[in-house]
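First the structure, in the form of structure tokens, and then the observations on it.
The values are calculated or read from the model by the stated rules, or taken from the named source; none is laboratory data. If you're wondering where the values come from, they're calculated on a predicted model, not measured in any experiment. Every residue, glycine as well, gets a Cβ built from its backbone with ideal geometry; the counts of neighbours run over all protein chains shown. All accessible areas refer to the heavy atoms of the entire protein, side chains included, with ligands and DNA or RNA removed. Shrake-Rupley method; radii C 1.70, N 1.55, O 1.52, S 1.80 Å.
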There are 2 protein chains.
Amino acid sequence: MTSAYQQLTHTFQRLARFSHLSAIAGWDMQTMMPPAGSQARGEALAELSVLQHSILTDAAIKPWLDAAEQESLDDVQRANLHEMRRAWQQAAILPASLVEAKSIAGSRCEHAWRQQRPANDWQGFATNLKEVVKLSRQEAEIRAQANGCSRYDALLDVFEPGMTSARLDELFGALKQWLPPLLQRIVEKQRQESVEQPVGPFAIESQRQLGLSIMQVLGFDFNAGRLDVSAHPFCGGVPEDVRITTRYNEKEFLSAMMGVIHETGHARYEQNLPKSWPGQPVALARSTAIHESQSLFMEMQLARSAECLQLILPQVIRHIGEGTALNANNFVRLNQRVKPGFIRVDADEVSYPTHVILRYEIERALIAGDIEVEDIPALWDEKMQRYLGIDTRGNYRDGCMQDIHWTDGAFGYFPTYTLGAMYAAQLFQAVKRALPDLTQLIATGDLQPIFSWLEQNIWQHGSRFSTRQLIENATGEDLNPEYFRRHLEQRYL
Amino acid sequence: MTSAYQQLTHTFQRLARFSHLSAIAGWDMQTMMPPAGSQARGEALAELSVLQHSILTDAAIKPWLDAAEQESLDDVQRANLHEMRRAWQQAAILPASLVEAKSIAGSRCEHAWRQQRPANDWQGFATNLKEVVKLSRQEAEIRAQANGCSRYDALLDVFEPGMTSARLDELFGALKQWLPPLLQRIVEKQRQESVEQPVGPFAIESQRQLGLSIMQVLGFDFNAGRLDVSAHPFCGGVPEDVRITTRYNEKEFLSAMMGVIHETGHARYEQNLPKSWPGQPVALARSTAIHESQSLFMEMQLARSAECLQLILPQVIRHIGEGTALNANNFVRLNQRVKPGFIRVDADEVSYPTHVILRYEIERALIAGDIEVEDIPALWDEKMQRYLGIDTRGNYRDGCMQDIHWTDGAFGYFPTYTLGAMYAAQLFQAVKRALPDLTQLIATGDLQPIFSWLEQNIWQHGSRFSTRQLIENATGEDLNPEYFRRHLEQRYL
């Protein structure tokens, strides 16, 4: 007789196969698809997503989940069952009408935003965003009732299981105290240093070859993945076939290079997820913040360290050509430059968290109903002034209209960027303890011990442990933001 | 109340959306996917195909088909209903166990063939092929009983609705009489002519640019399609987003160039299928042979004509560079060279039909049970000697193991190549009648009237008419192989 647990694994494997198609068709849409394919692709993906939702919320699932609880399962199976229930609950709890309404409102808002942002059209954008917020509040309310938590915490939990706004307030509250003055000191210090900018143009094919060669150094498995181009860089595909993207600018090559390194961090996590439980939720990445910790480990902790920058400099020179800006000292300064600005995605690692805290505070109040869409610009400006000393009045385009997240209602996502940065710092410190000669290893290009540590402590576990357990097992303690602070102080002061 | 016909259109639109995903993931597999993605992709596509089969053979479909017959439908709807019933019947008639067994045997045979062909391992190949033949005979038997026809005719009908082996015997019987002597005369005549081969290497990027520029001349819509590279050239994707491929060889550029032109013929048909019936079977291409007629119209009738070769020569020189081989006369001779050889896909249009007739005669006898797999090599050799004067004894690799079609049981497909060539010649003659200044139009690069004629007479009709009706409407008569004969005589004698 087939056990309830086996029925579930069969169902989730089926779902994973459909997710595979969705991931590849989604990647294609961003990288390969000509414009006229857009509508048919959207309809095909929507049809698939309706199918996936109906499989996951089929009436048989709940009884199987309940029956499987009583079956004899090992630890991994129990963790898998836990993840299955979570996936089922998240899908089943929302009425189909709300899911559809949110999807339509999100598409409309995002689609219009593409024109509204360059036009600085806040009024037009706000009209659409109100509908998204209204539906997101409804979603939050339903999830909150089921989880017995606040509305915002219920949305946060979708991206970062177990995280709460109480904990975020602790973590970000401390950060808000020490970060702005630290930032000022660093900017002050760097004002003394001269930095020479490399002068382009930099041929795109050379930049691509540079990216590929650094991916090689960072252990990307080209047998199981690719590098392509998209308007917004991402890491997609499936663990067996990871697709990362970047975008090139002929005037400046460092952004694309660091972008590739960042996505390679995501990719190595995906490529090294456990293979023993194919198609099962327990084999998936732990959470959004843990995923981001892997990309930031690679980019911020490893690649922007002076040792690693010196390690990759010869490759930069080989592909990009020599130049006075490409001496070791200047190359390090270029990649460790701190410069507060309007745009989150262009931010250095010191000012980045202020962008996130600002969004966290606004979106939490928005979902709670403490503020309305109309209140966003004034709050945005006030916080930008306070945290970064930047005036955004009337500049919606580079202010509260710069990101895509809110357009389709991904409230609760932003905090994971800074949680990722904190986890990355804590993990890097643990690697340092495990590998006392770490600096030497990086300088000589022997990065394998670092990757082995990540594989053993993070990658191979998938979602077997809770985030907290995973981090405690790996580093000996729960998330501790002090490592991030020390990292910034040591690198930049 | 929703009519049965509406229920059906809804179901077929859903199926079309899943086919969209299958087409894109299939294209990706041939063009983009790294090796390690293979197994997961195969499983994902198989899962999708199980789903499509279950939707198409759902118990509700048959009653809807029957009820819709009684509903008030216009001509297009009635044609659509006819195509729906055909699709349903083809899917529903086979037991799932046979479909699965054939899919497994086909994959095994094809997979092993990739190694067996270079190793010239006929014995190993024959063992796998026997299983495929056994299952194909079972499939043929079931379809034959349902259609009230012979086994082979039942398989033929899958690719070419309405075609029978009785009709093929007529068409090919005549061809078998006049083609071999004609071929000999042409080879004799061309022996007098000197032809200079262009000397490479030819950079792949230059070849690609040449292909793109010719696609532009031939009206390919780049807003709704792409050109990429794959081991075996094909035309894939969906009508809104057509993906054609080619393969490049640095030593020789004409094959890739003509390959691109051939696939562009397929692509223009797809890109110009009717848009008014989205996702409906009536909006799909008419048949395999009609599809091939469009690629051969573009490649053989149009592009290899002296006028068209002279039209594209300046582009060839622009991208490939000048050379004594690229004078007008020599360029025409290069592209009209007739040289009987072992390999079907490399064959010129004069010897090509003999390759097809040979396969047709063998596969028909095989499915009928008149011969067994062991008999193939001797028959192959006998026919190659008779039709082309070529000795294939012991050379399985370039003989009966050269093609991929039989490996997964696509018996009944081969004849469509030569039917396509015949349709193409007949259509081109009709275009000549409609456009008396055709030669002049081609010489001056004004190809739009030709494409408009194809659009009005073939492309826009999808599957609205039977193949016979379509051809009669377009050319005033049913398929008449005399046009093909006259075409060959006029071009080559």
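Listed values, structure above:
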{"quantity": "Flag if A:Ala146 is of a type outside the set (Ser, Thr, Tyr), surrounded by fewer than 21 Cβ atoms within 10 Å (Cβ to Cβ) and touching a residue at least 24 places away in the same chain (Cβ under 8 Å)", "calculated": "yes"}
{"quantity": "Top-ranked residue of the range A:230-240 - restricted to ones that are within 11 Å of chain B (Cβ to nearest Cβ) and without any contact (Cβ under 8 Å) to a residue 60 or more places away in the chain, ranked as surrounded by the most Cβ atoms within 10 Å (Cβ to Cβ)", "calculated": "A:Pro239"}
{"quantity": "Every residue from the range A:184-206 that is closer than 21 Å to A:Ile390 by Cα and out of contact with any Gly (no Cβ under 9 Å at 6 or more places or on another chain)", "calculated": "A:Arg185, A:Ile186, A:Val187, A:Glu188, A:Lys189, A:Gln190, A:Arg191"}
{"quantity": "Answer residue from the range A:25-48, given it is more than 8 Å from chain B (Cβ to nearest Cβ) and in contact with a Phe, Trp or Tyr (Cβ under 9 Å, 6 or more places away or on another chain) and is most open to solvent (accessible area, probe 1.4 Å) among those", "calculated": "A:Gln30"}
{"quantity": "Residues of the range A:396-410 satisfying the condition of being of a type in the set (Val, Ile, Thr) and either modelled with pLDDT of 95 or more or surrounded by fewer than 18 Cβ atoms within 10 Å (Cβ to Cβ) (or both)", "calculated": "A:Ile404"}
{"quantity": "Test set (1) within 14 Å of chain B (Cβ to nearest Cβ); (2) surrounded by 15 or more Cβ atoms within 10 Å (Cβ to Cβ); (3) not β-branched (Val, Ile, Thr) - A:Arg117 fails condition number", "calculated": "(1)"}
{"quantity": "Helices (runs of 4 or more DSSP H) contained entirely in the range B:411-475, each with at least 2 residues that are open to solvent by less than 30 Å² (accessible area, probe 1.4 Å) and of a type in the set (Ser, Thr, Tyr)", "calculated": "B:415-434, B:467-475"}
{"quantity": "Residue match in the range A:4-20 (condition: over 23 Å from B:Leu45 (Cβ atoms), free of Cβ contacts under 8 Å to residues at least 12 places away in the same chain and open to solvent by 20 Å² or more (accessible area, probe 1.4 Å))", "calculated": "yes"}
{"quantity": "Within the range B:297-339, tally of residues that are under 28 Å from B:Thr164 (Cα atoms) and in contact with an Asp or Glu (Cβ under 8 Å, 6 or more places away or on another chain)", "calculated": "1"}
{"quantity": "Qualifying positions in the range A:353-386 - within 18 Å of A:Val338 (Cα to Cα), surrounded by fewer than 20 Cβ atoms within 10 Å (Cβ to Cβ) and either in contact with a helix residue (DSSP H, G or I) (Cβ under 7 Å, 6 or more places away or on another chain) or without any contact (Cβ under 8 Å) to a residue 24 or more places away in the chain (or both)", "calculated": "A:Gln385"}
{"quantity": "Unmet criterion (only one of (1) surrounded by 15 or more Cβ atoms within 10 Å (Cβ to Cβ); (2) away from chain B (no Cβ under 14 Å)) for A:Asp74", "calculated": "(1)"}
{"quantity": "The one condition in (1) open to solvent by 20 Å² or more (accessible area, probe 1.4 Å); (2) away from every other protein chain (no Cβ under 14 Å) that A:Ser293 fails to fulfil", "calculated": "(1)"}
{"quantity": "Extreme residue, least open to solvent (accessible area, probe 1.4 Å), among residues of the range A:217-229 that are over 14 Å from A:Ile24 (Cα atoms) and within 14 Å of chain B (Cβ to nearest Cβ)", "calculated": "A:Phe220"}
{"quantity": "Odd one out for B:Met1 among (1) more than 9 Å from every other protein chain (Cβ to nearest Cβ); (2) assigned to a helix (DSSP H, G or I)", "calculated": "(2)"}
{"quantity": "Filter result (loosely packed, with under 14 Cβ neighbours inside 10 Å and part of a helix (DSSP H, G or I)) within the range B:186-204", "calculated": "B:Glu188, B:Lys189, B:Arg191"}
{"quantity": "Positions within the range A:23-67 being modelled with pLDDT of 95 or more and of a type in the set (Lys, Arg), in sequence order", "calculated": "A:Lys62"}
{"quantity": "Single residue of A:Phe411, A:Phe465, A:Phe451 found to be aromatic (Phe, Trp, Tyr) and under 20 Å from A:Ala267 (Cβ atoms)", "calculated": "A:Phe451"}
{"quantity": "Flag if B:His53 is farther than 25 Å from A:Lys275 by Cα and within 12 Å of chain A (Cβ to nearest Cβ)", "calculated": "no"}
{"quantity": "Residue under evaluation B:Pro314, criteria (1) farther than 18 Å from B:Asp348 by Cα; (2) in the same structural domain as B:Arg191 (by TED's automatic domain parsing); (3) buried (at least 17 other Cβ atoms within 10 Å of the Cβ), criterion not met", "calculated": "(3)"}
{"quantity": "Flag for A:Arg85 being free of Cβ contacts under 8 Å to residues at least 40 places away in the same chain, in a helix (DSSP H, G or I) and either surrounded by fewer than 19 Cβ atoms within 10 Å (Cβ to Cβ) or at negative phi (or both)", "calculated": "yes"}
{"quantity": "Residues of the range B:387-410 satisfying the condition of being in a helix (DSSP H, G or I) and in contact with a helix residue (DSSP H, G or I) (Cβ under 6 Å, 6 or more places away or on another chain)", "calculated": "B:Tyr387, B:Leu388, B:Thr407, B:Asp408"}
{"quantity": "The range A:163-177: number of residues that are open to solvent by less than 30 Å² (accessible area, probe 1.4 Å) and in contact with a Lys or Arg (Cβ under 9 Å, 6 or more places away or on another chain)", "calculated": "3"}
